[in-house]
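Below is one structure; the comments refer to it alone.
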Amino acid sequence: SQTIHQWPATLVQPVGSPLSLECTVEGTSNPNLYWYRQAAGRGLQLLFYSVGIGQISSEVPQNLSASRPQDRQFILSSKKLLLSDSGFYLCAWSGTGVGYGYTFGSGTRLTVV
Amino acid sequence: AQSVSQHNHHVILSEAASLELGCNYSYGGTVNLFWYVQYPGQHLQLLLKYFSGDPLVKGIKGFEAEFIKSKFSFNLRKPSVQWSDTAEYFCAVNAGASKIIFGSGTRLSIRP
């Protein structure tokens, strides 16, 4: 069966420090991969998605970037964190096409101090 | 642009009351519609989805949703809620073949 792993679960980082959040999927090949940010009262904001290795679509301009170095690995990065980057980050995957919905990871709570 | 509106930000009900959470979407193409639920401290999980066919969709834990194309709506219902239904509920719609757009969520609180 397919599983999705996301780490770390929580992270406290100083302003100006770099960020790397990792997400991996097992039990499937060529998944669509997604990074969302969840903020209270604002739902889930799509940050990036990828339909294949090296293919990244950015949904909103921001201080973050994403990479997909391997088929089942999706990384969210920043060179210099801002206070406004604090939030709850969710990784998700779907099969080709989203008709069957997503499966979400457990999330990372990022606090920038 | 595609969008999803959930007009109820916080709903408070007593146990055994009936539930209806509103969801309206804006998308011009063929739609797939979803309701996700996030119980306190748990992952987001799929509650139900509309893919095609019967517009009345049954989901887990006694939930159902009705797709009304003319109203661009996909409201979530449950005839009798339980305390364990306390959670945040998100409506979502596909925006093309590769991504899903979520609403802002509705927090449901059930009084025991």
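The values are calculated or read from the model by the stated rules, or taken from the named source; none is laboratory data. Nothing here was measured: the structure is a model prediction, and the numbers come from that model. A quick note on method: Cβ atoms are made from the backbone with ideal geometry, for glycine too, and the neighbour counts reach across all protein chains shown.
Quick notes on this structure:
- Among the residues of segment B:76-108, those identified as over 13 Å from the mean Cα position of the chain (by Cα) and either under 19 Å from B:SER52 (Cα atoms) or assigned to a loop (DSSP other than H, G, I, E, B) (or both) are B:PRO79, B:SER80, B:VAL81, B:GLN82, B:THR86, B:ASN94, B:ALA95, B:GLY96, B:ALA97, B:SER98, B:LYS99, B:ILE100.
- Sole residue being at pLDDT 90 or above, farther than 24 Å from B:ALA16 by Cβ and not hydroxyl-bearing (Ser, Thr, Tyr), chosen from B:LYS69, B:LYS61: B:LYS69
- The set of residues in segment B:73-90 that are crowded, with 16+ Cβ neighbours inside 10 Å and either touching a helix residue (DSSP H, G or I) at 6+ places or on another chain (Cβ under 6 Å) or more than 9 Å from chain A (Cβ to nearest Cβ) (or both) comprises B:SER73, B:PHE74, B:ASN75, B:LEU76, B:LYS78, B:VAL81, B:ASP85, B:THR86, B:ALA87, B:GLU88, B:TYR89.
- Checklist (1) in contact (Cβ under 8 Å) with a residue 40 or more places away in the chain; (2) farther than 18 Å from A:GLY101 by Cα applied to A:SER29, failing item: (2)
- Single residue of B:GLY96, B:GLY22, B:GLY28 found to be at pLDDT below 95, out of contact with any Gly (no Cβ under 6 Å at 6 or more places or on another chain) and more than 9 Å from every other protein chain (Cβ to nearest Cβ): B:GLY28
- Residues that are surrounded by fewer than 16 Cβ atoms within 10 Å (Cβ to Cβ) and within 12 Å of another protein chain (Cβ to nearest Cβ) within segment B:52-72 comprise just one, B:SER52.
- Residues in segment B:50-65 that are touching a residue at least 24 places away in the same chain (Cβ under 8 Å), of a type outside the set (A, V, I, L, M, F, W, C) and assigned to a loop (DSSP other than H, G, I, E, B): B:GLY59 alone.
- Check on B:ALA17, surrounded by 13 or more Cβ atoms within 10 Å (Cβ to Cβ), assigned to a loop (DSSP other than H, G, I, E, B) and more than 9 Å from chain A (Cβ to nearest Cβ): yes
- Unmet requirement for A:SER50, which otherwise passes all of (1) within 11 Å of chain B (Cβ to nearest Cβ); (2) touching an Asp or Glu at 6+ places or on another chain (Cβ under 7 Å); (3) farther than 30 Å from B:ASN8 by Cβ: (2)
- Failed criterion for A:SER86 (all others in (1) over 30 Å from B:ASN8 (Cβ atoms); (2) buried (at least 16 other Cβ atoms within 10 Å of the Cβ); (3) among the polar types (S, T, N, Q) hold): (1)
- For segment A:63-109, a tally of residues being in contact with a Gly (Cβ under 6 Å, 6 or more places away or on another chain) and either within 19 Å of A:GLN38 (Cβ to Cβ) or within 12 Å of chain B (Cβ to nearest Cβ) (or both) returns 3.
- Boolean, B:LEU47 is in contact (Cβ under 8 Å) with a residue 24 or more places away in the chain, more than 14 Å from every other protein chain (Cβ to nearest Cβ) and part of a strand (DSSP E or B): no
- Top-ranked residue in segment A:56-69 [being among the polar types (S, T, N, Q) and either more than 24 Å from A:SER29 (Cβ to Cβ) or modelled with pLDDT under 95 (or both); ranked as nearest to the chain's Cα centre (by Cα)]: A:SER65
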